[in-house]
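Structure first, commentary second.
The values are calculated or read from the model by the stated rules, or taken from the named source; none is laboratory data. Just so it is clear, the structure is predicted and the values come from calculations on it, not from any experiment. When we count neighbours, we look across all protein chains shown, and the Cβ atoms used for this are built from the backbone with ideal geometry, even at glycine. We work out accessible area using only protein heavy atoms, side chains counted, and drop any ligands, DNA or RNA first. Shrake-Rupley method; radii C 1.70, N 1.55, O 1.52, S 1.80 Å.
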Amino acid sequence: MTDAAPKTGALTRFLNGVERLGNRLPHITMLFIYALIIAMVFSFLLSFVEFDYIHPNTGKRIEIVNIFLPENLVAFIVSSVKNFMNFPPLGITIVVTLGIGIAEGSGFIHACLRKLLSITPRKILTPAVVFISILCHVASDSAYTVLMPVSALMFYCCGRHPLAGIACSFAGLAGGFTASFTPSMIDPVMQGFTENAAHIIDPDYSVNVLCNYFYALGGTLFVILACWFVTDKIVEPRLNAFMPVDDKIADDQDTKMQPSTQREDKAFRKALATMAGLLVLLFVLCYPDDSILRAEDGSLTSPKAPVMQALVPLLFIFFAVPGLVFGFAAGTYQKANDVIHAMENIMKMLISFMVFCFFAGQFLYVFGVSNIGSLLAIAGAEFLRDLGMPSGFTLLGIIILTGMLNILITSATSKWAILSTIFVPMLMMLGLSPELTQAAFRVSDSAVNVSTPLFPFYPLLIMYCQKYCSKAGVGTLCSMMIPYTGALLIVLTAVLYAYWMLGIPLGFHSGFDYPSTMFPE
């Protein structure tokens, strides 16, 4: 015990230092404002330099466009609203969030989690909680407010350490975000950035919204096994030795599993039946070979298939309709205005995101129109080609770099908005597909989330921990989660390389090489 305490203290001091450093960074929106200004200044300075790089698509020499020229400045100002409205994740996020707001406001999401965890066998509690956490990827951020405290409660009621429940559910939800059973909100967001970045090299390139789905599905088993091992063999034994549960714990919602009422149970069954009905209806509509939801060639998975293009509205429907049924049946919704209020309440959390989208949209415009993105991609590709490194090492470098950046910038949207414009075209020049680059980014982006104090939900999770262990703090949570980061980085990277070596598709209409993954018109 005396040997372990100093190590824990040193780790806590190190992580607190990282937290202090990260807190000195400007707001993420300010970072994009600075990036916008820097890109405009560089467009002016580099416009006087002649480069020998040739664009592979146009065959013309790369020339940097000076944004400060009067005609270019006017074009930038005129297009500013369009830049904002066309920012890839803006509309997607708003539409899906409205559906989640209906389901969450009605209590349907909470009821689903409570039911899933209540029927979980105690012998397989850890893998079951991780499994449920991965299922909760479709609920996005709303899952944090329910999944973590309920998981802690389940562990506590089973005589296990409650903080281990928080740790394994957090690892499955945020750390294993790359792995998923079903499409989630992040898929269309990532796809939009990836496709836009690919257009720097190939304006006709199309990225399927489920381009990483097979990889995500295959990774779920290994994420569950990794989190199971880390929880039972590393994290929980350490918690039992050095972090005892407080003698006095609030005995209301923290120590008792609140049973659902008979009315809520009936409402839940109606909502599940509604969801099953929607799935059957979707299957019936998609089944005929001449279905209007299929592409002209009869494909359901082609990027041109209406069912693929309608994935975001479908997510809205599959959240909203069962949520409405549950809400009115359970009594949480009394009138239509209650539904509107639920959507309004959840939209409040998107205010800062929409401000970010405005400036990020302007940055992407300047970065693209000025040709700085093309210059960086082509110059970087030639530099890597001259180094003669195997493609596998180049991809591993991206995984490591993304992980380092994720310590300070945890938002996948914020990082990929910039990194996609550099990584995707650069690796296309090296013969690697945008879909593979996106998958590599998602590996470390998710695995490192759980270990950085700058993760937005850290304060909330620490509060949940303190309900059972009042001495828990930032260092406690970080020290719990670092083993998960190491394990998830290893298994997710290994699965990605296994897919690559065995030639297993990453997703629908997705390959590893460029231009072999291009789709015919």
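Numbers at a glance
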{"quantity": "Flag if residue 218 is crowded, with 22+ Cβ neighbours inside 10 Å, assigned to a helix (DSSP H, G or I) and small (Gly, Ala, Ser)", "calculated": "no"}
{"quantity": "Single residue of 186, 166, 201 found to be over 23 Å from residue 413 (Cα atoms), out of contact with any Asp or Glu (no Cβ under 8 Å at 6 or more places or on another chain) and of a type in the set (Val, Ile, Thr)", "calculated": "166"}
{"quantity": "Helices (runs of 4 or more DSSP H) (entirely within segment 424-502) containing at least 2 residues that are modelled with pLDDT of 90 or more and either under 30 Å from residue 200 (Cα atoms) or open to solvent by 20 Å² or more (accessible area, probe 1.4 Å) (or both)", "calculated": "434-447, 474-502"}
{"quantity": "Selection from segment 299-314 of residues that are under 21 Å from residue 214 (Cα atoms) and either open to solvent by 90 Å² or more (accessible area, probe 1.4 Å) or modelled with pLDDT of 80 or more (or both)", "calculated": "304, 306, 307, 309, 310, 314"}
{"quantity": "Positions within segment 265-323 being small (Gly, Ala, Ser) and in a loop (DSSP other than H, G, I, E, B), in sequence order", "calculated": "291, 295, 298, 299, 302, 305, 310"}
{"quantity": "Subset of segment 365-415 (residues that are in a loop (DSSP other than H, G, I, E, B) and modelled with pLDDT under 80)", "calculated": "388, 389, 407, 408, 409, 410, 411"}
{"quantity": "Residue 260 at pLDDT below 85 and open to solvent by 30 Å² or more (accessible area, probe 1.4 Å)", "calculated": "yes"}
{"quantity": "Among (1) touching a residue at least 60 places away in the same chain (Cβ under 8 Å); (2) assigned to a helix (DSSP H, G or I); (3) in contact with a Leu (Cβ under 8 Å, 6 or more places away or on another chain) - the single one residue 506 does not satisfy", "calculated": "(2)"}
{"quantity": "Members of segment 113-127 found to be in contact (Cβ under 8 Å) with a residue 40 or more places away in the chain and open to solvent by 20 Å² or more (accessible area, probe 1.4 Å), listed by number", "calculated": "114, 115, 118"}
{"quantity": "Matching residues, segment 170-210, being more than 21 Å from residue 461 (Cβ to Cβ), in a helix (DSSP H, G or I) and either open to solvent by less than 10 Å² (accessible area, probe 1.4 Å) or among the basic types (Lys, Arg) (or both)", "calculated": "188, 189, 190, 193, 194, 197, 198"}
{"quantity": "Residues located in segment 76-90, provided they are open to solvent by 40 Å² or more (accessible area, probe 1.4 Å) and part of a helix (DSSP H, G or I)", "calculated": "77, 78, 81, 82, 84, 85"}
